[in-house]
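All of the numbers you see were taken from the coordinates with simple rules; none came from a lab. The shown structure was predicted, so the numbers you read here are calculated from the model rather than taken from an experiment. Because the Cβ atoms are built from the backbone with ideal geometry, glycine has one as well, and the counts that use them run over all protein chains shown.
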Amino acid sequence: MNEPGPAAGVYTISVAAELAGVTIRSLRLYERHGLLQPTRTTGGTRRYSQDDLHRLRRIAELVTDGVNLTGIGKILDLEHDTHELRTDNTALRAANARLQTDRDQQPARRDRTEQDTEPAVRRRTPSRHSPTDGRRDQSSRPG
């Protein structure tokens, strides 16, 4: 049998309250304030996941510290955004390291390519003051 993932709603409200160390009434209040969004069965029963329990414990810490529910919502949103930014930053740093490694290996390839090709010869294009037949443009002379 497979273990449910951390986001799978498996705990009833009474079990979740007991595991998180809060009251059922508090769980309902947190949901009303948008701090929690447990999954629901087709019959409407709340089901809490491991992720919900971690969030509940964090909410309980913030309540103990004296933060109001609106503040808790903002703190949780900021913590979530910070986590996502750190994850993105880690991925970007890894991609940057790969690009730098590739770039560091390119000069050897670029030197060989430059040796194999001759430099381009720049052609001189005739100007309007020097016709291609070698004679000067007489109409532009004064007098």
*Using the Cα centre as the reference, give the magnitude of the dipole from point charges on the C-beta atoms of region 1-49 (Lys, Arg: +1; Asp, Glu: -1; all else neutral), rounded to the nearest 20 debye.*
240
*Just grab the label-to-label distance for ARG57 and HIS33, each label 7 Å out from Cα along the Cβ direction, in nm (one decimal).*
2.0
*Counting only C-alpha contacts under 8 Å and six or more residues apart, can you give the relative contact order of region 13-109 as a whole percent?*
21
